[in-house]
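Accompanying notes for the structure given below.
Just so you know, all these numbers are worked out from the coordinates, no wet-lab data involved. Only a predicted model underlies this, so the values are computations on that prediction, with no experimental measurement involved. As a convention, Cβ positions derive from the backbone with ideal geometry for all residues, glycine included, and neighbour counts pool all protein chains shown.
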Amino acid sequence: MRKALNILGTGPTHHMRELGEDSPLHEPWQALVGGAAPDWEVLFNGYQACVDWPSAHYWRQLIKEFPNAKVLLTMRSAESWWESFEATILQHILSGRHPDGFAQRLVAAQVFEGRPDDKRHAIAMYTRNVEEVIATVEPDRLLIHNLGDGWEPLCKWLDVPVPDRPYPQGNSTEEFNRRLA
């Protein structure tokens, strides 16, 4: 989705991969995850859109802070989500390589309440989050974009032309794990 939004000109799009230790945004995000008050101008400095972790965790605050922003809910089945999570982020969490990193402090501890490897619990949290987004965000502001939907619904919602190129692929399990190796 990050690649798609950037191609459509709505970016640059903020994503976890922009928060490496050499990023000027690394420390402000670490502070937020640690409980500091958010300064969204600093946290999203240079970005026009955001997807994925860590920003997805703060969706409730972000929809209030940016009342005119559109909200994109990328959907997949809970089982499909678990398979991806288990093969990528969960492996990173369980490796213990970055005990003070976003994955452990935000995803494992806060999002999944210290139980990221409990499949039933994690799927319940995922499902609850999806339900809360749908119940909370105004329908005219929300696009539920299922994996595989491609350009058409996204472009229609953003009121931009469909690009003359294939919908981008990326962030596969292999690519994710190779990047973190």
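Only residues that are part of a helix (DSSP H, G or I) and in contact with a strand residue (DSSP E or B) (Cβ under 8 Å, 6 or more places away or on another chain): list them for the stretch 4-42, please.
Once the filter is applied, which keeps residues that are part of a helix (DSSP H, G or I) and in contact with a strand residue (DSSP E or B) (Cβ under 8 Å, 6 or more places away or on another chain), the stretch 4-42 yields LEU5, ASN6.
Quick one: which of GLU79, GLU41 is farther than 26 Å from GLY150 by Cβ and of a type outside the set (Ser, Thr, Tyr)?
Criteria check complete, one pass: GLU41.
If you check ALA37 against the conditions, is it surrounded by 15 or more Cβ atoms within 10 Å (Cβ to Cβ) and either touching a residue at least 12 places away in the same chain (Cβ under 8 Å) or at negative phi (or both)?
no
Does any residue of the stretch 93-101 turn out to be of a type outside the set (Phe, Trp, Tyr), touching a His at 6+ places or on another chain (Cβ under 9 Å) and assigned to a helix (DSSP H, G or I)?
No: zero hits.
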